[in-house]
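A quick write-up on the structure given underneath.
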Amino acid sequence: MLAPRHVLIISLAATALLMLYAVSLFLGFSRHVQRVEVVVGVGEVFLPLPRKLTQFSVEEAVLYRRSIRDYLDEPISIEKLSMILWAAQGISETRWGLRTAPSAGATYPLEVYVVVGTGGVALSDGAYLGAGVYKYVVHRHSIKLVSEGDRRVELARAALGQEWVEKAPVVVVVCAVYERTTARYGERGYRYVHIEVGHAAQNIYLMATALGLGTVAVGAFYDDEVARVVGVGVGERPLYIMPLGVPRHPYVTSFEEVGDYYLARR
């Protein structure tokens, strides 16, 4: 049986360890909170770090996913924009820097741009992200300013006048550098790039749905005009335009409704 002083020493040691553990948790949490804050630098905005924002399941996101073209006149938050970009091309494996969307041979031909309208993205301090075109920087989870000013009207004209491109507070433009993939796979690489942009677009759809946003994949546009408006890099070709906003009429359904549909046809 332990002597009282030994019990006291063990008790004090255990208390000290618990205090050290609590302090380390607090400091770690503090660092985490500090890192998720938006940092606006010269020409570059460091986005909030990816984290779980919703209680939506994958099953629900798939069920509720629809193409939405009518949006409320209100901004989306910088936190939601952060998650949309992470879903499109963010890092999900840290040893090799692999991304959220699969890529043939991890050649990663896609480049993602964001066209932000005036008052289109709300920051946590009540201010708004400056209107302009930004490019997503994958390994820094940031967006770099390409050009200032609201370019949505020009982008909508380049997209055959589709008004949802102009009305959405934010528009994502996905481009591809084909040579990254064709250099390895030859002509077959073109198919792989087109498959990959579909993966990324579906990620955007599902994340938008889970976040209470709406989007639609737009493929009808003048390639050269979109490239000019966005200011894409050398060798980049636009493949998708995806407006983002809060749906004016959210899509509502249930698994029961879907189940009734199937049962009525058996």
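Computed from the coordinates by the stated procedures, all read-outs in this text should not be read as laboratory data. Everything numeric in this text was worked out from a predicted model, so none of it was measured. Positions of Cβ are generated from backbone atoms using ideal geometry, with glycine treated the same way; all protein chains shown enter the neighbour counts.
Which of Thr181, Thr253, Thr215, Thr107 has the fewest other C-beta atoms within 10 Å, and how do the rest follow up to the most? Mind showing how you got there, number by number?
Working: Thr181 24, Thr253 11, Thr215 29, Thr107 19.
The order, fewest Cβ neighbours first, is Thr253, Thr107, Thr181, Thr215.
Report the one residue of Ala183, Ile204, Val146 whose Cα lies farthest in the direction of the positive end of the charge dipole of the chain (charges on C-beta: Lys and Arg +1, Asp and Glu -1; origin at the Cα centre).
Ala183
Setting aside same-chain residues fewer than 8 positions from Lys80, which aspartates and glutamates have a Cα under 17 Å from its Cα?
Result set, ordered by chain and number: Glu37, Asp125.
Of the chymotrypsin sites (Phe, Trp or Tyr not before Pro) in region 81-121, which ones lie in a loop per DSSP and count no more than 14 other C-beta atoms within 10 Å? Could the numbers behind the result be given before it?
Working: sites: Trp86, Trp96, Tyr113; in loops: Trp96.
Those satisfying the criteria are Trp96.
Please compute the net charge surrounding His194, taking Lys and Arg as +1 and Asp and Glu as -1 over other residues with Cβ under 12 Å from its Cβ. Each step should come with its number before you reach the end.
On the way: positive: Arg188, Arg191, Arg237; negative: Glu196.
In short, +2.
Taking the alpha-carbon centroid of each part, what is the distance from region 206-241 to region 37-109 in angstrom?
15 Å
Which aspartates and glutamates, if any, have their Cα less than 12 Å from the Cα of Lys144, not counting same-chain residues under 8 positions apart?
Output for Lys144: Glu44.
Pull up all non-local amide H partners of Leu72: gap of 5 or more, or a different chain, and H-to-H distance under 5 Å with H placed in the peptide plane.
For Leu72, whose amide H was placed from the backbone, the distant partners under 5 Å are Val246, Arg248.
Go through region 53-95 and name the trypsin sites (Lys or Arg not before Pro) that are in a DSSP coil and have 11 or fewer other Cβ atoms within 10 Å of their Cβ.
Counting only loop positions with at most 11 other Cβ atoms within 10 Å, the trypsin sites (Lys or Arg not before Pro) in region 53-95 are Arg95.
Per residue and in cubic angstrom, what volume does the convex hull of the Cα atoms of region 109-148 have?
Values: hull volume 2.8 nm³, N = 40.
It is 69 Å³ per residue.
Can you give the local net charge around Leu145? Use residues other than it whose beta-carbon is closer than 11 angstrom to its beta-carbon, Lys and Arg +1, Asp and Glu -1. List each step's numbers first, then the result.
Values: positive: Lys135, Lys144; negative: Glu44, Glu148.
Surrounding charge for Leu145 is 0.
What does the charge count near Gly235 come to, summing +1 for each Lys or Arg and -1 for each Asp or Glu among other residues with Cβ under 11 Å from its Cβ? Kindly include the intermediate steps, with their values, before the conclusion.
Values: positive: Arg180, Arg237; negative: Glu111, Glu179, Glu236.
Local net charge: -1.
Take each uninterrupted DSSP H stretch in the chain, measure its Cα extent along the helix axis, and return the ones at 20 Å or beyond whose mean Kyte-Doolittle hydropathy is at least 0.0.
Span-like helices in the chain: 4-36.
Looking at region 96-181 from every direction and averaging, what is the projected area of its Cα convex hull in nm²? Write out the running numbers ahead of the final one.
Values: hull surface 28.2 nm².
Average projection, Cα convex hull of region 96-181: 7.1 nm².
When only DSSP loop residues count, what GluC sites (Glu not before Pro) in region 155-217 have their Cβ near at most 10 other Cβ atoms within 10 Å?
Glu187
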